[in-house]
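Have a look at the structure below, then the notes.
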Amino acid sequence: MNHSRDHWRGRSIWTVTLHQIGACMVFIPLGLVCARPINLYLTYPDNPCSTITVNCHTWEEAETLTVHYDKVPRGGNPEAYAQQVKSRRKQIAGLPDGRWIHWADLRDLEPGTAYYFIVGDERGGFSRERSFRTVPSGESPIRFITGGDMGVKELCVQLLHWAGRQDPLFAVIGGDIAYADGNLARVDCWDSWFRNWDQEMLTSDGRMVPIVAAIGNHEINELPSSDPFVRAPFFTGFFWQQHEGTFFSRRFGECFSLIVLDTGHLVPHHQQVPWLEEELRKSQDLPVRLAVYHMPLYPSSRSFEDLGSVEGRRVWAPLFEKYRLTTAFENHDHCFKRSKLLKSEAIDPEGVLYLGNGCFGVEPREVGQTRRWYEEKALAQPHFWIVDVDRGRVSCQAMNQEGKVFDRYVHPQ
Ligand SMILES: [Fe+2]
Ligand SMILES: [Fe+2]
């Protein structure tokens with residue numbers, strides 16, 4: 001019996017058939033009765049070379065799920081896997097469907113190694129066997145993809161398909177992910193997004209692609225609260241298993257560090273400055289430093305004077321320049337952009353490269369007939385970036401929804 005998410009994603013939970021819901025009971029809201037894992041996705045609890053977090057949701061309360069894993073495929077038989085780890089769980093306060101979010105941290109993994117796993121329990125059943133690959137250690141080359149402003153439309157599905165086929169080790173999402181606006185009544189946006197991710201973001205050999213996510217304006221609501229769990233219920237519910245907030249960093253072997261920032265959605269730009277400076281200072285031993293965030297310092301569709309852009313240039317850009325950030329990945333503007341190298345708000349061969357601007361599934365916005373002074377190239381073009389980091393060189397290729405690379409840049413040249 002097939003328990004894929006196509007089946008539980010009926011438009012009305014009251015109209016599913018017995019065949020569709022499998023072991024779940026008919027005539028009872030599906031949201032209350034199925035403990036089989038759905039919405040399976042991977043994140044990094046800390047070191048991507050040796051850890052991974054397996055995340056999933058269940059409709060029914062499941063006390064504890066177990067991830068059974070091994071370095072060889074075991075065909076989905078729980079007894080056959082060499083190792084196992086129990087999950088923890090939580091709920092999103094006020095979410096009507098009452099789903100449980102489960103996660104299990106797998107630690108002490110070998111770098112650059114494929115792992116195979118299932119997740120579930122005897123009562124609700126297990127997922128089919130899935131796989132992932134840990135990030136290699138040392139200076140081994142690393143490929144990832146990045147983009148933001150996704151949504152759940154066909155254009156996003158097409159881009160996800162091509163993104164997975166580039167065989168990235170992981171994906172960096174620059175905010176505006178499912179466009180649910182932190183509205184608990186719109187959780188279906190996230191279910192569709194997870195379905196698309198799970199079905200399309202697969203490597204050529206079927207591996208899952210772990211997620212590193214930054215927050216965007218469409219992750220938050222307008223409720224009068226300073227509580228991040230109220231303002232961004234899905235982002236905190238789905239991506240904050242380690243309670244680390246909206247700005248954090250990850251170190252990828254001896255290859256590069258990735259700094260994830262919050263462009264003022266839950267934390268103002270300036271409050272991140274001391275932390276940002278310390279992160280940049282700590283990463284000086286690495287050949288490459290990358291950053292990702294939502295609102296661009298150098299927009300291509302919106303105004304150069306937009307407050308978020310102005311504030312980013314005022315408080316972050318001087319640190320990017322001082323500590324030789326290699327490349328900043330920007331989003332939010334729904335178009336393609338490759339900047340010139342920029343320092344002190346001027347073109348400078350020693351400056352920072354800004355790539356963007358978040359068009360990983362949303363319809364592109366117009367960019368104007370003439371180029372702004374800081375733009376090398378700007379287009380109304382859906383895309384994601386394929387990023388290869390290898391011994392200090394960052395090679396970036398922009399790929400469109402037809403799987404064609406339409407822009408390439410190697411930095412430093
Ligand atoms: Fe957006
Ligand atoms: Fe946005």
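The table that follows gives values for the structure above.
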| item | result |
| --- | --- |
| Failed condition for P168, given (1) more than 16 Å from ligand 2 (Cβ to nearest atom); (2) farther than 26 Å from P287 by Cα; (3) part of a loop (DSSP other than H, G, I, E, B); (4) within 16 Å of the chain's Cα centre (by Cα) | (2) |
| Residue in segment 306-319 that is aromatic (F, W, Y) and not in a loop (DSSP other than H, G, I, E, B) present | no |
| Residue ID - surrounded by the fewest Cβ atoms within 10 Å (Cβ to Cβ), chosen from residues in segment 207-238 that are within 16 Å of ligand 2 (Cβ to nearest atom) and assigned to a loop (DSSP other than H, G, I, E, B) | E222 |
| Selection count where residues are open to solvent by 10 Å² or more (accessible area, probe 1.4 Å) and either away from ligand 1 (no atom under 13 Å from the Cβ) or of a type in the set (V, I, T) (or both), scope segment 281-302 | 5 |
| Close pairs from segment 146-160: first assigned by TED's automatic domain parsing to the domain that holds F360 and over 21 Å from I220 (Cα atoms), partner open to solvent by 30 Å² or more (accessible area, probe 1.4 Å) and within 16 Å of ligand 2 (Cβ to nearest atom), Cβ under 9 Å, at least 6 apart | L155/E363 |
| In segment 236-265, the residues that are without any contact (Cβ under 8 Å) to a residue 60 or more places away in the chain and of a type in the set (D, E) | E244, D262 |
| Leading residue by the ranking (nearest to ligand 2 (Cβ to nearest atom)) among those in segment 181-200 that are touching a Pro at 6+ places or on another chain (Cβ under 9 Å) and in a loop (DSSP other than H, G, I, E, B) | G182 |
| Strands (runs of 3 or more DSSP E) contained in segment 39-121 and holding at least 3 residues open to solvent by 30 Å² or more (accessible area, probe 1.4 Å) | 83-86, 88-90 |
| In segment 171-180, residue nearest to ligand 1 (Cβ to nearest atom) [restricted to those that are open to solvent by less than 20 Å² (accessible area, probe 1.4 Å) and outside any strand (DSSP E or B)] | D176 |
| Evaluation of F238 against (1) at pLDDT below 95; (2) under 20 Å from T58 (Cα atoms) (one fails), failing number | (1) |
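The values are calculated or read from the model by the stated rules, or taken from the named source; none is laboratory data. Everything quoted here is computed from the prediction, not taken from an experiment. We place every Cβ from the backbone using ideal geometry, glycine too, and count neighbours over all the protein chains shown. To get the accessible areas, we keep the full protein, side chains included, count just its heavy atoms, and leave off ligands, DNA and RNA. Shrake-Rupley method; radii C 1.70, N 1.55, O 1.52, S 1.80 Å.
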